[in-house]
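Comments concern the structure below.
The values are calculated or read from the model by the stated rules, or taken from the named source; none is laboratory data. None of the values given here were measured: they were computed from a predicted structure. Quick reminder, even Gly has a Cβ in these numbers, built from the backbone with ideal geometry, and neighbours come from all protein chains shown.
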Amino acid sequence: MTFYCRRPRGACILAGAESTRAKRVTMDVLRAVIARLSVDIHHVIEAAGIVVLGLVVYSYARRWFDSKRHVAPLLRAMALGLIFGILTIALMISRIEVGQGTYVDARALPIALITLVEGGGAGLVAALVASAYRASLGGAGALAGVVGLLAIAGAAALALVWARRSGGVRSRHGFVLGAAVYIITFGSFLMLGVRGVELFSRDWLPLLIVSVIGIGGFTRLFVDVVNAQAAEAARRDAAELRAVTLLARAAAHEINNALMVVSGGLAILARRLPAQSEDAQWAERAREGANKVKDIVTRMNTITQIEEVPGRGLLAPMLDIRRSSGAP
């Protein structure tokens, strides 16, 4: 080992010895962590695959629900909550072996993730579905498991409120939520008494990794899906607005040309008709109608958004020119 320093040789040797001892301590810590994390990599891949499957399903489901604007928000929350509740059950079944006969699961991930991207309604449905399954299994930890699942949904809903106030969901919200989920998990173990404390002291590190790194990492992926689809929808709406605007302006131009001829003819006719005559009254009504058409043409040239009039019977939905031009 070579030391580049201007200190006496003894000082350099001492510094080298201290550096060597520090490296040995670091390696010992790493070996201890690895020894504690005797993880079956196949189980990890299986659990990660389930979460990625949920990401793919959510991507297609969100695109479908966004295209069906008439679908009630409650129905959307129930459908997505049911899907992620089933994914939670799948993760409870597909446990991860972290030692000889020791297992943990990633049940918190689907509930936390769907709540962050869809809201508390979907998260609550997912938690209720998973809670029903956990309660059906019975055992001493059934109550603690159910309470933990519902508490995770509540914590995720609070994290979503925080995220919305700070400009939207980001990775940091996911990591903070992961830490909160870890604390909730510890609390659910405490509900089991001394036995729960013993189990948690044995599995605290795998649970920490699954909660914090798992939720924080997958939050970024889910948020990327949401942002990508939002950007795609914005581009689609912009293209639709541009097409409608160009068509409306072209129609307004053609209508205005004909309207000028009609308005000019009515003005000439009104001067030649006897005042208060029936023909003069009809001419005045026609001029009022022409003025209304002129107002419509003006609105067609100032369309800034797309607002529809719902269809009725055989009448198909159409553009609401008044609201689309920002008129009250």
Out of the residues in the stretch 187-242 that are over 30 Å from Arg62 (Cα atoms) and of a type in the set (Val, Ile, Thr), state the one that is farthest from the chain's Cα centre (by Cα). Val194
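From the list Ala238, Ala132, which residue is modelled with pLDDT under 95 and not aromatic (Phe, Trp, Tyr)?
Values: Ala132 fails: modelled with pLDDT under 95.
Criteria check complete, one pass: Ala238.
Go over the candidates Ala72, Ala32 one by one and state the one that is exposed (fewer than 15 other Cβ atoms within 10 Å of the Cβ), outside the structural domain of Ala127 (by TED's automatic domain parsing) and at pLDDT below 95.
Details: Ala72 fails: outside the structural domain of Ala127 (by TED's automatic domain parsing).
Step by step, each of Ala72, Ala32 is checked, and only Ala32 is exposed (fewer than 15 other Cβ atoms within 10 Å of the Cβ), outside the structural domain of Ala127 (by TED's automatic domain parsing) and at pLDDT below 95.
Restricting attention to the stretch 234-245, does a residue exist that is touching a Gly at 6+ places or on another chain (Cβ under 6 Å), in contact (Cβ under 8 Å) with a residue 24 or more places away in the chain and crowded, with 17+ Cβ neighbours inside 10 Å?
To start, the set of residues in the stretch 234-245 that are touching a Gly at 6+ places or on another chain (Cβ under 6 Å) comprises none.
No, the stretch 234-245 has no match at all.
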Among all residue pairs at least 6 apart or on different chains, which show Cβ distances below 6 Å where the first residue, located in the stretch 89-102, is at pLDDT below 85 and the second is surrounded by 17 or more Cβ atoms within 10 Å (Cβ to Cβ) and outside any helix (DSSP H, G or I)? Val98/Val104
Every residue in the stretch 42-75 that is touching a residue at least 24 places away in the same chain (Cβ under 8 Å) and among the charged types (D, E, K, R), please. Glu46, Arg62, Arg63, Asp66
